[in-house]
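Q: Once you've had a glance at the structure underneath, I'll fire off some questions.
The values are calculated or read from the model by the stated rules, or taken from the named source; none is laboratory data. If you're wondering where the values come from, they're calculated on a predicted model, not measured in any experiment. Backbone-built Cβ (ideal geometry, glycine too); neighbour counts: all protein chains shown. Only protein heavy atoms, including side chains, enter the accessible area calculation; ligands, DNA and RNA are left aside. Shrake-Rupley method; radii C 1.70, N 1.55, O 1.52, S 1.80 Å.
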Amino acid sequence: MYKTNWMYKTNSFGATEILEVLKNWPERSIQVIVVTDGERILGLGDLGCQGMGIPVGKLSLYTALGGVRPSAEYHELLEEFMTAVKKNYGEKVLTQGTASVVLAGLLAALKVVGGTLADHTYLFLGASEAETGITELIALEMSKQTGSPIEECRPKIWLMDSKGLIMASRIDSLTLGKGGTFTQDVVEAMGALNEKPLIFALSNPMSHSECTAEQAYTWTQGRAVFASGSLFPTVELDGKTLVPGQSNNAYIFPWFGLGVIILAAIRVRDGMLLAASEALAEQVTEEHFAKGLIFPPFTNIRAISAHIATKAYERLPRLGDLVKYAESCMYTPTYRSYR
């Protein structure tokens, strides 16, 4: 993998200056751009320039997991940046995978908890961009499965903040940050309402997780179907070994980086995200379910990425074995042996 460099941009730049800075970048063949404003990286909060390691790490994952070859006001600033990037590099795609991965976990979990996506009710602790993005994708999948307008699907999904359920009557008093933690009484209430409650504790790092895997399993007598943003260790409970799942957007975004390059796509549509979720859920086997997993292990991540990519290739003329075609397009670093 090649050495990664980065650049910083301050609010003092305007649209013209951003373009000039980008023109000074020595590499002209740009395939993937990872950008952050440092305002809120993962669940870590505002890290300022010290957060640059996160997008640099994501660039590495595009290559390692997806096979991509390495190479005045807030909204005004975003507009200026996107305008300059588009003008300097042409049409590019901004993607992320959190919502799609969570939806995949829900789709896979239905094989354990039973019913359809629309048969269940969903509660989110927190109402930030991450939570609202996930809720909208769930509603879109419900709409696709049932043929109902998305407006009829959204009431199945509830959000709460530190002050309680979010209702139209209190929009002006929202606290849109993190909702806090899953307390024991909340988890036990989930267990009382559901034979197999599905609990996603997505905040990172592990110290910020809404609850631990051990808490989720203990408070539900081992009946919870659990996944988290950071991978928790296995839990021994009443003679059973329970294996927590990891709902990590690395399942999705590296393949998008490769897929959109191969397809020369300039937009990621909702249907592509839904297809990616469905493809990821399809790769969870009975063996995985028996261990309590609702995501396939990362040990075979390249094959997982290739399988997800084939969902997009289905729109193209037949290319033979689509998975093999996707794998053939992946960059694989090879190193010279000196022995």
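Q: With the requirement that a residue be open to solvent by 20 Å² or more (accessible area, probe 1.4 Å) and either within 22 Å of Leu107 (Cα to Cα) or in contact with a Gly (Cβ under 6 Å, 6 or more places away or on another chain) (or both), what does segment 193-209 give you?
A: Leu193, Asn194, Glu195, Lys196, Leu198, Phe200, Leu202, Asn204, His208
Q: Quick one: in segment 213-229, which of the residues that are buried (at least 20 other Cβ atoms within 10 Å of the Cβ) and either touching a Cys at 6+ places or on another chain (Cβ under 6 Å) or not in a helix (DSSP H, G or I) (or both) is modelled with the lowest pLDDT?
A: Once the filter is applied, the top-ranked residue is Gly229.
Q: Let me ask something else about it. When the residues of segment 129-150 are filtered to those that are open to solvent by 60 Å² or more (accessible area, probe 1.4 Å) and of a type in the set (Ser, Thr, Tyr), which remaining residue is nearest to Ala281 (Cα to Cα)?
A: Taking the candidates together, the pick is Thr146.
Q: Tell me the residue from Phe289, Phe232 that is in contact with a helix residue (DSSP H, G or I) (Cβ under 8 Å, 6 or more places away or on another chain) and either assigned by the TED database to the domain that holds Leu322 or surrounded by fewer than 18 Cβ atoms within 10 Å (Cβ to Cβ) (or both), please.
A: Exactly one of Phe289, Phe232 is in contact with a helix residue (DSSP H, G or I) (Cβ under 8 Å, 6 or more places away or on another chain) and either assigned by the TED database to the domain that holds Leu322 or surrounded by fewer than 18 Cβ atoms within 10 Å (Cβ to Cβ) (or both), namely Phe289.
Q: Where residues in segment 139-188 are in contact with a Lys or Arg (Cβ under 8 Å, 6 or more places away or on another chain) and modelled with pLDDT of 90 or more, which of them is nearest to Thr98 (Cα to Cα)?
A: Ala139
Q: Listed residues Asp119, Asp185; which is outside the structural domain of Glu286 (by the TED database) and either farther than 27 Å from Arg269 by Cβ or surrounded by 21 or more Cβ atoms within 10 Å (Cβ to Cβ) (or both)?
A: Answer to the check: Asp185.
Q: Does any residue of segment 38-54 turn out to be part of a loop (DSSP other than H, G, I, E, B) and at pLDDT 75 or above?
A: The first filter runs over segment 38-54 and keeps only residues part of a loop (DSSP other than H, G, I, E, B), leaving 38-47.
Now restrict to residues that are at pLDDT 75 or above: none.
No.
Here's the yes/no breakdown for (1) open to solvent by 60 Å² or more (accessible area, probe 1.4 Å); (2) within 23 Å of Leu59 (Cα to Cα); (3) part of a helix (DSSP H, G or I):
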{"residue": "Cys211", "(1), (2), (3)": "no, no, no"}
{"residue": "Ala250", "(1), (2), (3)": "no, yes, yes"}
{"residue": "Ile266", "(1), (2), (3)": "yes, yes, no"}
{"residue": "Ile294", "(1), (2), (3)": "no, no, no"}
{"residue": "Ser305", "(1), (2), (3)": "no, yes, yes"}
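Q: Next question, about the same structure. Of all the helices (runs of 4 or more DSSP H) wholly in segment 79-156, which have at least 3 residues that are under 25 Å from Val32 (Cα atoms)? Steps first, answer last, please.
A: On the way: elements: 98-113, 129-146, 150-153.
So the answer is 98-113, 129-146.
Q: Here is a further query. For the structure I just gave you, tell me whether Leu237 is open to solvent by less than 30 Å² (accessible area, probe 1.4 Å), over 19 Å from the mean Cα position of the chain (by Cα) and in the same structural domain as Glu131 (by the TED database).
A: Working: open to solvent by less than 30 Å² (accessible area, probe 1.4 Å): no; over 19 Å from the mean Cα position of the chain (by Cα): yes; in the same structural domain as Glu131 (by the TED database): yes.
Against the criterion (open to solvent by less than 30 Å² (accessible area, probe 1.4 Å), over 19 Å from the mean Cα position of the chain (by Cα) and in the same structural domain as Glu131 (by the TED database)), Leu237 does not qualify.
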